[in-house]
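What follows is a short report on a single structure.
What follows draws every value from the coordinates through simple rules; no lab data is involved. Owing to the predicted nature of the structure, the values given are computational and were not obtained by experimental measurement. In this analysis, Cβ positions are derived from the backbone assuming ideal geometry, glycine residues included, and neighbour counts consider all displayed protein chains.
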Amino acid sequence: MRILVVEDETELATRLVAKLAQHEMNCEWVSSAEDAKLLDAGAFNALVIDLGLPRASGLDLIRHVRARGAATPILVLTARSSWQEKVEALNAGADDYLVKPAHVEELVARMRALARRAAGQVQPQLVAGPLTLDPSLKHLTVNGEEVSLTANEFRLLSLFMYKPKQTFSLNEILEHLYPLDQDRDRNAVEVLIGRLRRKIGRELIVNVRGLGYRLMD
Ligand code: CA
């Protein structure tokens, strides 16, 4: 999953991004609502937004994202804990709310729940054709047979399974798989796609000429 974290406390944000990476969540971090507004919210599986930001507030950012029509799940993570503020954030377009300090496991579980609901999935597992992926256990079955995946193969397959109808360009796949400061190599992505295809069945990942890759219907 690719997550946008909007948080002005550097130390907290750095810790959060590192912890989320351990759960195969690739985060981009910005420290202001203004910077967040420059990004395409639709390119993320979920947004984690602090309410108390310098200048424009988190509430202002939530309203901005929704006004532009982005349906990306938004989880508010904030030190403010009054019920009025929770109501205000939810009414502005947030989907969930966690008060700091929050356990990262709870944050991860809530984001997975929001992302799979956004993907139209009822079960905690993601299902597409013969594939059943359990994101919390990193467990995959193909036609009921267990198949083990490397961390990168898991990240790639989850990208497709959270948005099963979407075609992803090589650049979008790179952004989802690797943090910004890492070397991003398009060939490595093609090799990874080849490896995943051999494990799950070649026909399940479709090459859309000139556009990228998507999951088979
Ligand atoms: Ca803050």
In region 122-137, the residues that are assigned to a loop (DSSP other than H, G, I, E, B) and buried (at least 17 other Cβ atoms within 10 Å of the Cβ) = Q125, P135
If we ask which residues in region 65-100 are outside any helix (DSSP H, G or I) and touching a helix residue (DSSP H, G or I) at 6+ places or on another chain (Cβ under 9 Å), their number turns out to be 20
Over region 18-34, the set of residues free of Cβ contacts under 8 Å to residues at least 24 places away in the same chain and part of a helix (DSSP H, G or I) is A18, E34
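For every residue, the table says whether it meets (1) free of Cβ contacts under 8 Å to residues at least 24 places away in the same chain; (2) among the charged types (D, E, K, R); (3) within 21 Å of V48 (Cα to Cα).
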| position | (1), (2), (3) |
| --- | --- |
| L126 | no, no, no |
| L137 | yes, no, no |
| L149 | no, no, no |
| N171 | yes, no, no |
| E175 | no, yes, yes |
| R195 | no, yes, no |
| R198 | yes, yes, no |
Can you confirm whether region 79-90 contains a residue that is in contact with a Lys or Arg (Cβ under 6 Å, 6 or more places away or on another chain) and of a type outside the set (F, W, Y)?
-> yes
Report yes if some residue within region 83-95 is within 15 Å of the chain's Cα centre (by Cα) and either more than 14 Å from the ligand (Cβ to nearest atom) or closer than 30 Å to M161 by Cβ (or both); otherwise report no.
-> yes
Could you name every one of the helices (runs of 4 or more DSSP H) located completely within region 151-212 that has at least 1 residues being hydroxyl-bearing (S, T, Y) and under 17 Å from D40 (Cβ atoms)?
-> 151-162
Those residues of region 35-55 which are in contact with an Asp or Glu (Cβ under 8 Å, 6 or more places away or on another chain), over 16 Å from V76 (Cβ atoms), away from the ligand (no atom under 11 Å from the Cβ) and part of a loop (DSSP other than H, G, I, E, B), in sequence order = L39, R55
Scan region 138-155 and give yes if some residue there is within 30 Å of S32 (Cβ to Cβ) and buried (at least 18 other Cβ atoms within 10 Å of the Cβ), otherwise no.
-> yes
Single match in A36, A46 (criterion: more than 19 Å from R110 (Cα to Cα) and buried (at least 19 other Cβ atoms within 10 Å of the Cβ)) = A36
Failed item, numbered, when A188 is tested on (1) touching a residue at least 40 places away in the same chain (Cβ under 8 Å); (2) over 24 Å from H139 (Cβ atoms); (3) among the hydrophobic types (A, V, I, L, M, F, W, C) | (1)
Would you mind telling me which numbered condition in (1) in contact with an Asp or Glu (Cβ under 9 Å, 6 or more places away or on another chain); (2) more than 14 Å from the ligand (Cβ to nearest atom) R116 fails?
-> (1)
